[in-house]
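The values are calculated or read from the model by the stated rules, or taken from the named source; none is laboratory data. Keep in mind the model is a prediction, meaning the values are calculated, not measured. Neighbour counts are summed over all protein chains in view; Cβ atoms, including those assigned to glycine, are modelled from backbone coordinates with ideal geometry. For the accessible areas, the whole protein counts, side chains as well, though only heavy atoms, and no ligand, DNA or RNA atoms are used. Shrake-Rupley method; radii C 1.70, N 1.55, O 1.52, S 1.80 Å.
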There are 2 protein chains.
Amino acid sequence: MNKMHKEHNLSKNQQIIFDIINKSPEPLKAYTILFNVQKKGIKAPLQVYRALDKLVEIGKIHKIESRNAFIACHNSSCQVAKATAFSICEICEKVTEISSAGLSKYLANFKDKDGMKYSKYNLEFFGLCKKCR
Amino acid sequence: MNKMHKEHNLSKNQQIIFDIINKSPEPLKAYTILFNVQKKGIKAPLQVYRALDKLVEIGKIHKIESRNAFIACHNSSCQVAKATAFSICEICEKVTEISSAGLSKYLANFKDKDGMKYSKYNLEFFGLCKKCR
DNA sequence: AACGCTGTGTAATAATATAACATTAATAAG
DNA sequence: CTTATTAATGTTATATTATTACACAGCGTT
């Protein structure tokens, strides 16, 4: 089983929850998702959180830490679940995933005072989006 | 006394809570703080959260978003609570504030695809600290 | 069949954070 | 000094976010 890219066949719950996040124009919170999937038989928070955990792990979605919300990855299947950057509008709360080769290169190579490099990072920029300015 | 910037005279509750965070070698969570200050007459979560909000606002402490925990600012350059960077050890959970002129300059000047600059950012690096490697 | 692994279902509860309202302290303006 | 205004406090209740614990089902491997 030597595949370059392991295909993650999503399970039923994972697929349901991914679809909802993927279709949403804005980050969704866990309990918002729960509310939206109760008609599909997912009744308990844990069912949602388990799917979210897995989806984050495999890079299909990202968690916006400052908002406790989840957004689908649109970076052509972020093999970089480990290197995420977002811009967040402080008025309308619009969140956009930043994909900048320069930025990711800079951060991936960043070394601290002790020369230590890091395996993972999350960056959140805040400001006002075009509309809100 | 060297006053480069406006002194914020902390209120009673703010001072109590800042002292605890400032003395702690590790980030503290709101309810950990609450338990630790109940002997000093602070009884309710809201009293803690209000002090935390204020302390974050004036840059005396920072919130580690991925951990829901608070750490004192030891970086003379970030009286601005607007540009924060941390390294987090995924094993021992040690958190260190990064102060790198290069990094902060790079991020402060970062423009996205639309040429937009941001007023604020928070960056969290993850990896293993020296001890844990 | 027995095992290990992943996923599911359910109930209960823990942990994190805010709303609403009343009061008091500190500061600024007349 | 007095009043207006803002900042901080105290208290109760509640909202929001997330996990623990336990039972079981499906599937591929041994």
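Out of segment A:59-93, which residues are part of a loop (DSSP other than H, G, I, E, B) and buried (at least 17 other Cβ atoms within 10 Å of the Cβ)?
Taking segment A:59-93 as the starting set, the residues that turn out to be part of a loop (DSSP other than H, G, I, E, B) are A:59-60, A:65-68, A:73-82, A:90-93.
A:59, A:60, A:65, A:67, A:73, A:75, A:78, A:80, A:81 - these are the residues of segment A:59-93 that are part of a loop (DSSP other than H, G, I, E, B) and buried (at least 17 other Cβ atoms within 10 Å of the Cβ).
Looking only at segment A:94-133, count every residue that is within 26 Å of residue B:128 (Cβ to Cβ), outside any loop (DSSP other than H, G, I, E, B) and either within 7 Å of another protein chain (Cβ to nearest Cβ) or free of Cβ contacts under 8 Å to residues at least 12 places away in the same chain (or both) and tell me the total.
10
If I go through segment A:4-43 residue by residue, how many of them are open to solvent by less than 50 Å² (accessible area, probe 1.4 Å), part of a helix (DSSP H, G or I) and within 13 Å of DNA strand C (Cβ to nearest atom)?
Summing the residues that are open to solvent by less than 50 Å² (accessible area, probe 1.4 Å), part of a helix (DSSP H, G or I) and within 13 Å of DNA strand C (Cβ to nearest atom) in segment A:4-43 gives 8.
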